[in-house]
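Q: One structure, as structure tokens, below. Some questions next.
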Amino acid sequence: MATKLLMRWNIRPETESEYYEFLVHEFMPGMNKLGINEIQVWYTTYGKCEQKLASGITPSVDNMHEALRSASWNQLQDKLQTYVTDFSLKIVSANRGFQV
């Protein structure tokens with residue numbers, strides 16, 4: 001069964017420019033290399049929640065766990081955390097549409 005990775009975070013205001021460069025040129029391509037596809041990133045413009053919600057899908061929960069246990073994922077996540085605060089993630093069964 002397809003599995004979705006849901007992530008949330010806030011961007012550190014002082015790193016906003018570097019964050020966008022990293023997101024486009026390293027984070028999203030890095031997720032693709034790990035087999036996490038259909039990556040989507042949303043920006044929250046209203047309400048009391050994290051600024052960003054991002055998701056990616058793998059064909060199975062085993063594929064997702066393998067990707068998230070890799071050294072490459074740890075490096076991507078560590079670097080992302082230099083640009084963001086309040087990072088969280090969870091794994092859910094993939095459904096169509098927006099999931100939280």
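The values are calculated or read from the model by the stated rules, or taken from the named source; none is laboratory data. Since we're looking at a predicted model, the values are computed, not measured. Positions of Cβ are backbone-derived with ideal geometry, glycine not excepted, and every protein chain shown enters the neighbour counts.
Q: Quickly run through region 73-88 and pick out the residues that are exposed (fewer than 13 other Cβ atoms within 10 Å of the Cβ) and closer than 14 Å to Leu5 by Cβ.
A: Ser88
Q: For region 65-100, which positions are in a loop (DSSP other than H, G, I, E, B), among the aliphatic types (A, V, I, L, M) and within 15 Å of Asn37 (Cα to Cα)?
A: Ala94
Q: Another one. Give me a count of the residues in region 43-64 that are in contact (Cβ under 8 Å) with a residue 24 or more places away in the chain, of a type outside the set (A, V, I, L, M, F, W, C) and not in a loop (DSSP other than H, G, I, E, B).
A: Start the filter on region 43-64 by keeping residues that are in contact (Cβ under 8 Å) with a residue 24 or more places away in the chain, which leaves 49-61, 63-64.
Now narrow it down to the ones that are of a type outside the set (A, V, I, L, M, F, W, C): 50-52, 55-56, 58-60, 63.
Retained after the next criterion (residues that are not in a loop (DSSP other than H, G, I, E, B)): 52, 55-56, 58, 63.
Selection size over region 43-64: 5.
Q: May I ask you to list the residues in region 22-48 that are surrounded by 12 or more Cβ atoms within 10 Å (Cβ to Cβ) and closer than 14 Å to Val84 by Cβ?
A: Phe22, Leu23, Glu26, Phe27, Val41, Thr44
Q: If you don't mind, another one. Within region 79-87, identify whether any single residue is touching a residue at least 12 places away in the same chain (Cβ under 8 Å), closer than 20 Å to Thr15 by Cα and touching a Ser or Thr at 6+ places or on another chain (Cβ under 6 Å), and answer yes or no.
A: Going through region 79-87, the residues touching a residue at least 12 places away in the same chain (Cβ under 8 Å) turn out to be 79-80, 82-87.
With closer than 20 Å to Thr15 by Cα added as a condition, the list becomes 79-80, 82-87.
From what is left, the residues that are touching a Ser or Thr at 6+ places or on another chain (Cβ under 6 Å) are 83.
Yes, because at least one residue in region 79-87 is touching a residue at least 12 places away in the same chain (Cβ under 8 Å), closer than 20 Å to Thr15 by Cα and touching a Ser or Thr at 6+ places or on another chain (Cβ under 6 Å).
Q: State yes or no: is Val84 touching a strand residue (DSSP E or B) at 6+ places or on another chain (Cβ under 6 Å) and over 19 Å from Tyr20 (Cα atoms)? I'd like the intermediate steps shown before the answer.
A: Working: touching a strand residue (DSSP E or B) at 6+ places or on another chain (Cβ under 6 Å): yes; over 19 Å from Tyr20 (Cα atoms): no.
No; evaluated as a whole, the condition is false for this residue.
Q: For Tyr19, only one of the following conditions fails: (1) touching a Phe, Trp or Tyr at 6+ places or on another chain (Cβ under 8 Å); (2) hydroxyl-bearing (Ser, Thr, Tyr); (3) modelled with pLDDT under 95. What is its number?
A: (3)
Q: Ok, one more. Restrict the check to region 3-10 and report whether at least one residue is surrounded by 14 or more Cβ atoms within 10 Å (Cβ to Cβ), in a helix (DSSP H, G or I), hydroxyl-bearing (Ser, Thr, Tyr) and in contact (Cβ under 8 Å) with a residue 60 or more places away in the chain. Please lay out each step first, then the result.
A: Filtering region 3-10 for residues surrounded by 14 or more Cβ atoms within 10 Å (Cβ to Cβ) gives 3-10.
Of the ones still in play, those that are also in a helix (DSSP H, G or I) are none.
No, that holds for no residue.
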